[in-house]
Amino acid sequence: MRIIQKVCCPNCGSKCERHNICESQICRTSCANCDYLMINCTRTGKVIEAYAPGIYAKK
């Protein structure tokens, strides 16, 4: 089962989509406006893949 939600992008604030894919326990949030991507496991909460232009990681 796949659940699609419209949410605000955590990177730019515009509308984006969150896809919850129950079979594989994956949640994918992506924004077409700023190219934000976050894929994480819904069971453990661990980040599998992430890309957020304009957000810099702490060193």
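Each residue in the stretch 46-59 was checked for being in contact (Cβ under 8 Å) with a residue 24 or more places away in the chain, surrounded by fewer than 15 Cβ atoms within 10 Å (Cβ to Cβ) and on the phi < 0 side of the Ramachandran plot, and 2 of them qualify. Scanning the stretch 9-45 for residues that are part of a strand (DSSP E or B), in contact with a Cys (Cβ under 6 Å, 6 or more places away or on another chain) and exposed (fewer than 14 other Cβ atoms within 10 Å of the Cβ) turns up nothing.
Throughout, read-outs are computed from the coordinates displayed, never taken from laboratory work. Since the model is a prediction, treat every value here as computed from it, not as a measurement. Here the Cβ is made from the backbone with ideal geometry for all residues, glycine too, and neighbour counts use every protein chain on show.
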